[in-house]
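Participant: Below is one structure. I have some questions about it.
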Amino acid sequence: MSDYTNSTLMIYNSLSGKKEEFKPIQTPNVGMYVCGPTVYSNVHLGNCRTFLSFDNVVRYLKFIGYNVRYVRNITDAGHLVDDAEEGEDKISKKARLEKLEPMEIVQKYTLDFHHVLRLFNALPPNIEPTATGHIIEQIEMVKQIIHNGFAYEVNGSVYFDVKKYNEKGYNYGELSGRNIDDLIAGSRALDGQSEKKNPQDFALWKKASPAHIMRWSSPWGEGFPGWHLECSAMGTKYLGEQFDIHGGGMDLKFPHHECEIAQGKACNGIEPVNYWMHANMLTLNGKKMSKSTGNTLLPHELFSGENNILGKAYSPMVVRFFMLQAHYRSILDFSAEALNAAEKGFHKLMNAKKIINQLQYKKGTVSESENNRINQLIQDCYTNMNDDFNTPKTMAVLFEMVNKINKLNTSDNMDISEEVFSKMKTTFNGFIEDVFGLQSEEQADDSIVKGVLNLLIELRTEAKNNKNYALSDKIRDELNTLGVQLKDSKEGTTFSIN
Ligand code: AMP
Ligand code: ZN
């Protein structure tokens, strides 16, 4: 771990409602799972906020020396239009509307998601499993939960028995703070047609109606997995029956994460996750940004300026900076004023970064108090991030460094030691680039070019897989004319620019 982490990392655990000292199961390894997008439409900026909040968490853990296995799934089946477990699958519905195959919808919006996160300079996860790729694991988990006596089968569907679970001493509601009796009282009474024993029971496996296209064989007949089950199955597969951190947006606490805890305990008899982290919402005009209500702003509408809300374009790095200015557990509202201020702040920060990287140390009379002050600022960057990843406070410390850097730049000699100067430079660069993932706009342009090329490579592979060789050759040849060579190998395709 880094020298400066003499304060301990504290993480707010939504399960206990307290900040707790972070103790990984197997230091220096950390297992972290974050719920990924349901790929039935373009990701909006609200979704991006949650993914970027966890990007900062992963980046900081790595920065202080942890070896992180970061798993973020793609939900490509099982998430129904009505979260109350009825209705069409969100992906099939979109496929019907767009007259495409469900997997074409999945491919299209997964590519968009990857592309957007690349523009924001988010690190890719180590493993990105899909729900449809883990049907067997999900079926096995359902079998085990039935075997342990916590689920029952009715007419080709399997439901989790919440009452039984609580009778065995567990506590459904522990994460969301909901009380089971209130849940029962608040639910619609069973109308006699429902197969569930109790209204709060949730589906682990649903029988597919004849119209339901996304379906798989199972011991209970043809059907599809429940949305909550996929994350339990994939988390367990790649991180173990118990792992360190599970993240997602605040709106996933109930029922999604509540059900994940119940499934994990009912299946394996242990607490599945040690630290539950929930990122707060991005709002637009004071209301949650949400696909279902249409109160959204898409990343490309923001980057191109083509929207009726903001009046001008903002770069991905300015937006990333804007999001860093709020703590991940606070609500953040989108507005033109806030983005304009962020744009100024971002340029000021990156300008200071340019200065310190060009500045030569100039020997002068060293002031001990100034040395101590800079050492304190360096320490404060860690202390603030160790305090539940407090990015706004860390940013404020970096801005104190900006003032110092600008002063050093205009003075003839320096009042700090060469060692402190160099530590400040390393810390300043490290927090901006590695922890906050901020790049100068030139660097970002460079990564946009890389992002676009990788996108074209993915599209070419897709064309080849569909035997559309005319299109795949066209992509290769046109890129070649532009001086970009594609090289195919067993591991995939890479590019080089002449
Ligand atoms: P979904 O694709 O709907 O499954 O959502 C993907 C992620 O985005 C989940 O972690 C959600 O909690 C999160 N999310 C959805 N809306 C917002 C929002 N307005 N602000 C922040 N995160 C959000
Ligand atoms: Zn999930």
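Participant: Work out, step by step, the length gained on full extension between VAL154 and ASN285: first 0.36 nm times the residue separation, then minus their alpha carbon distance; give nm to one decimal.
Facilitator: Taking 0.36 nm per residue and subtracting the Cα distance, the gain is 42.7 nm.
Participant: What is the Cα centroid distance between region 21-64 and region 206-261, reported in whole angstrom?
Facilitator: Centre-to-centre distance over Cα atoms comes out at 19 Å.
Participant: I would also like to ask the following. Multiply the residue separation of ASP181 and ILE331 by 0.36 nm, subtract the distance between their alpha-carbon atoms, and state the gained length in nm to one decimal.
Facilitator: Here the segment from ASP181 to ILE331 would lengthen by 51.0 nm.
Participant: Can you give the FRET efficiency to the nearest 0.05 for SER217 and LYS62, using r as the Cβ-Cβ distance and R₀ = 35 Å?
Facilitator: According to the calculation, E is roughly 0.25.
Participant: With both bridge residues required to lie in the chain, what share of the DSSP beta bridges run antiparallel, to the nearest 5%?
Facilitator: Restricted to the chain, the bridges split so that about 55 percent are antiparallel.
Participant: Something else: Separation between the ILE309 and ASN351 pseudo-spin-labels, each 7 Å from Cα along Cα→Cβ, expressed in nm?
Facilitator: Roughly 2.9 nm, to one decimal.
Participant: Region 283-435: percent of C-alpha pairs farther apart than 26 Å?
Facilitator: 37 percent
Participant: Follow-up question, since we're still on this one. Please give the direction-averaged projected area of the C-alpha convex hull for region 244-338, in square nanometres with one decimal.
Facilitator: 7.4 nm²
Participant: Pairs of alpha-carbon atoms within less than 8 angstrom and 6+ residues apart define the contacts here; what relative contact order does the chain have, in percent?
Facilitator: Result for the chain is 17 percent.
Participant: Could you list log10 I(q)/I(0) for the chain at q = 0.08 Å⁻¹, which the Debye formula gives when each Cα is one point scatterer?
Facilitator: Taken in order of the listed q values, log10 I(q)/I(0) reads -0.57.
Participant: Could you go through region 325-334 in sequence order and give the Karplus-derived ³J(HN,Hα) for each residue, using 6.51 cos²θ - 1.76 cosθ + 1.60 with θ = phi - 60°, rounded to whole Hz, and x for Gly and Pro?
Facilitator: 6, 10, 6, 5, 8, 9, 5, 10, 9, 7
Participant: Short version: ³J(HN,Hα) in whole Hz for each residue of region 204-210, in order, from phi by Karplus 6.51 cos²θ - 1.76 cosθ + 1.60 (θ = phi - 60°), x for Gly and Pro, what are they?
Facilitator: 9, 8, 10, 5, 8, 6, x
Participant: What distance in nm separates the simple spin-label points at MET250 and LYS344, each placed 7 Å from Cα in the Cβ direction?
Facilitator: In this crude spin-label approximation the distance works out to 2.8 nm.
Participant: Take region 441-497, drop everything but the C-alpha atoms, weight them equally and run the Debye formula without solvent; then report log10 I(q)/I(0) at 0.15, 0.25, 0.28 Å⁻¹ to two decimals.
Facilitator: -0.43, -1.04, -1.20
Participant: Amide H to amide H under 5 Å from ALA131: which residues, 5+ apart in sequence or cross-chain, H placed 1.01 Å off N in plane?
Facilitator: ILE74, ASP76, ALA77
Participant: Ok, one more. Between ASN413 and LYS487, take the C-beta separation as r, use R0 = 60 Å, and let me know the FRET efficiency to the nearest 0.05.
Facilitator: With R0 = 60 Å, the Cβ-Cβ based efficiency is 0.70.
Participant: Rounded to the nearest 0.05, what FRET efficiency is calculated for LYS450 and ASN29 with R0 set to 25 Å and r the Cβ-Cβ distance?
Facilitator: 0.25
Participant: Would you kindly derive the ³J(HN,Hα) couplings of region 411-426 from the backbone phi angles with the Karplus curve 6.51 cos²θ - 1.76 cosθ + 1.60 (θ = phi - 60°), listing them in order in whole Hz, with x for Gly and Pro?
Facilitator: Coupling constants for region 411-426: 9, 6, 9, 9, 9, 10, 6, 4, 5, 5, 4, 6, 5, 5, 4, 4 Hz.
Participant: Moving on to the next point. Report the convex hull volume per residue for region 93-161, counting only C-alpha atoms, in Å³.
Facilitator: Each residue corresponds to 151 Å³ of Cα convex hull volume.
Participant: On a 0 to 90 degree scale, rounded to 10, what angle separates helix 258-268 from the longest Cα axis of the chain?
Facilitator: The helix 258-268 is inclined about 70 degrees to the chain.
Participant: Please give, to one decimal in nm, the separation of the simple spin-label points placed at MET103 and TYR469, each 7 Å out from Cα toward the Cβ.
Facilitator: 2.2 nm
Participant: Could you rank the peptides 346-359, 218-231 by their average count of other C-beta atoms within 10 Å per residue, with the highest value first?
Facilitator: 218-231, 346-359
Participant: Under 5 Å between amide H atoms, partner at least 5 residues away or on a different chain: which partners does VAL273 have, H built in plane at 1.01 Å?
Facilitator: Close amide H contacts, sequence-distant or interchain: PHE243.
A short reminder: the numbers here are calculations on the coordinates, not readings from a lab. Model, not experiment: these values are computed from the prediction. When we count neighbours, we look across all protein chains shown, and the Cβ atoms used for this are built from the backbone with ideal geometry, even at glycine.
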